[in-house]
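S.K.: Have a look at this one.
The values are calculated or read from the model by the stated rules, or taken from the named source; none is laboratory data. Note that the structure is predicted; figures quoted are calculated from it, not measured. In this analysis, Cβ positions are derived from the backbone assuming ideal geometry, glycine residues included, and neighbour counts consider all displayed protein chains. For the accessible areas, the whole protein counts, side chains as well, though only heavy atoms, and no ligand, DNA or RNA atoms are used. Shrake-Rupley method; radii C 1.70, N 1.55, O 1.52, S 1.80 Å.
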Amino acid sequence: MIMQADIVIVGAGMVGSTLALALKDSGLSIVVLESNTTTYKEFTVETPFEPRVSAISIASQRVLQHVNAWNGVLARRLSPYSQMYVWDGSGTGHIEFDAASVHQPILGHIIENRAIQDALLEKLEEANETITLLPEVELESLERTAEGWSIVLKDYLQIQAKLVVGADGARSKVRQLADVKTREWDYFHQAVVTSVRCEKTHQQTAWQRFTDEGPLAFLPLSLEGDEHWCSIVWSLPPTTAEQIMALDDEAFCKKLSETFEYKLGKVEHADPRMCIPLRQRHAKRYIQQGLAVIGDAAHVIHPLAGQGVNLGFMDAAALAETLLEAVAQNEDISSVKVLGRFERNRMPHNLGMMAAMETFERLFQADPLPLRWLRNTGLKVVNQLPEAKALFIRRALGIEGSLPKMAMA
C-alpha cells in the first residue's frame, strides 16, 4: 500500500502533535507517525504523578491555546508558580524571581508531560479529517525521490511525501536516516527524577539549589489542592546517581531532605524514581531540501531551567507559520528557500539558550575557589539589579523578544 501526503511528521509527542494541529486547516495533507500507542489513559485527580514534568512558559501556553489543547491540560492537572528561588549550596549567594516584578500573575506552570501529551492527542483524534495519525509504526527507511521522499515503515506501508519533519526526540531516527550531523557531548551526569511530598508547602515557588555534585530542583505540584507535593530533578555523577537509586525510600527521603537543606522541611514520601542520562546535542543544520528537524530531534539541552520543551514548542510554532505563509504565497513548502526561514528564525535563539545553560552548568560545577567566589558574588549582584532580573523574567516568560506570532498575546 502506498499513501500520498504533503507532510509526514515523525513523532506524535508534544512537539510533533503541536505542529500537526497548527497546520490542520492549511489545506495540506498531513500524516503523523508514532512508534508508541497513541491511546491516552484515563486521568483523574487521584492518578499518581508522572515523574517527567515540564516548566511551561506563558509563550508555550499561548501556543497550546492556539491549537485548542490548553483546556484539555486544565481539565487534567497543572500547578502555577509565581516565584523562583535559586541558591548556591557552597556559599551564600542566591537570587529570587517574582512574577509581580513584571506585573504578571505567574511565571508559568509545572505540568506533567503526560497531561500535555494526552490533551494534544485528544485534539489529533478530533482532527482526523485533515490529519492521519498512524500509531505503533516504525520507520524503516527514508529515501529521496524526484517528488520528495519515499518513507517505508516496518509493516511495509509506504508513504510518498513532499516534506518530512523529524519530531521524534533525542534519538531521532529521521535525523539518523537523513544523515543530519550533530555536535554533542556527555555531561557525565544523570538526572534522578520523581515526585515527593514535603513537610511544608511549596508556596507556588520553583526551588533550585546548586550543590557540589549538581543542581537539585524542587518544582511545585498540586494534588487536589494539596501543595506539599513537588517534582524533583536531581543532577548527579553516574556513580552517585546509582547509589541514590539503590537507597530504600526512607533513606532516600532523608538524603534528599539533607541535600535540600530542609528548605521545605522533611521529605515525607517519595514516588518511584527514574534515572535519565544527561547529554547535550545540537544539529548543525535543522533543514535539508524537503526535510526539517524540530524539538529534541534538533537540540537537547541541560534540564537546568526546564526550557527544553519550550524551545520545542517555539520550533513547532515557527515552522507552522513558515509553512502557512509559503502556502499562502503558493511557494514550494519543501524548498530550502522556504525552510531556511524557519532555520534562521530558530537556530540563533536555541543556540543562545544552550550557551546560557552550558555557562551556568560549568560555573556551578566549578571547584576552584575564584570561580566559587565569582558565582556567589554574581548571584548577589544580579539579585540586587531589578531591571536585569525583570529582563530575564520577561524573556523566560515569552512576553519579550522574537517569538512566533501564535506565541504572542
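S.K.: Kirkwood hydrodynamic radius (Cα pairs, Å) of region 1-85? If you can, show how the numbers build up before the last one.
M.R.: Values: mean 1/r = 0.0653 Å⁻¹.
For region 1-85, inverting the mean 1/r across all distinct Cα pairs yields 15.3 Å.
S.K.: Mind giving me the FRET efficiency for GLU250 and MET3? R0 is 51 Å, r the Cβ-Cβ distance, nearest 0.05 is fine. Mind dumping the intermediate values first?
M.R.: On the way: r = 54 Å, r/R0 = 1.07.
Computed FRET efficiency for GLU250 and MET3: 0.40.
S.K.: Through the Karplus equation 6.51 cos²θ - 1.76 cosθ + 1.60, θ set to phi - 60°, convert the phi angles of region 248-264 into ³J(HN,Hα) values in whole Hz; use x for Gly and Pro.
M.R.: With the stated coefficients, region 248-264 comes to 6, 4, 5, 5, 5, 4, 5, 5, 5, 4, 5, 5, 8, 6, 6, 4, 10 Hz.
S.K.: Also: Using 0.36 nm times the number of residues separating GLN160 and LYS263, minus their current alpha carbon distance, what extension gain do you get?
M.R.: Details: separation 103, 0.36 × 103 = 37.08 nm, distance 5.61 nm.
In short, 31.5 nm is gained.
S.K.: Pairs LYS24/LYS123; LYS173/LYS337; LYS154/LYS181; LYS41/LYS154: which are spaced more than 20 Å apart, C-alpha to C-alpha?
M.R.: LYS173/LYS337; LYS154/LYS181; LYS41/LYS154
S.K.: Still on this structure: What do you get for Rg/Rh of region 129-255 when both radii come from the Cα atoms and Rh is the Kirkwood radius?
M.R.: That ratio is 1.16, to two decimals.
S.K.: While we're looking at this one, here's another question. Rank SER26, PHE43, ILE56 by how far each Cα sits towards the positive end of the charge dipole of region 1-122 (+1 on Lys, Arg Cβ; -1 on Asp, Glu Cβ) and give me just the farthest.
M.R.: SER26
S.K.: Keeping all protein chains in place, calculate the accessible area per residue for the chain (probe 1.4 angstrom), answer in Å².
M.R.: 45 Å²
S.K.: Name the residues whose placed amide hydrogens come within less than 5 Å of the amide hydrogen of ARG285, ignoring near sequence neighbours (fewer than 5 apart) on the same chain.
M.R.: Counting only residues 5 or more places away or on other chains, the set is LYS181.
S.K.: Under a GNM of the chain (C-alpha, springs under 10 Å), which listed residue has the highest mean-square fluctuation: GLU42, GLU213, GLU199?
M.R.: GLU42
S.K.: Restricting things to alpha carbons, tell me how big region 228-354 is in terms of Rg and Dmax, in Å.
M.R.: In order Rg, Dmax, the Cα atoms of region 228-354 give 20.8, 63 Å.
S.K.: Roughly to the nearest percent, how much of the accessible area of region 1-79 is carbon and sulfur, given a 1.4 Å probe?
M.R.: Here it works out to 49 percent.
S.K.: Region 246-271 to region 201-236: how many Å between their Cα centroids?
M.R.: Between the Cα centre of region 246-271 and that of region 201-236, the gap is 12 Å.
S.K.: Tabulate in residue order the Karplus-calculated ³J(HN,Hα) for region 52-61, using 6.51 cos²θ - 1.76 cosθ + 1.60 with θ = phi - 60°, rounded to whole Hz; enter x for Gly and Pro.
M.R.: Computed from phi, the couplings for region 52-61 are 9, 10, 10, 8, 8, 6, 5, 4, 5, 4 Hz.
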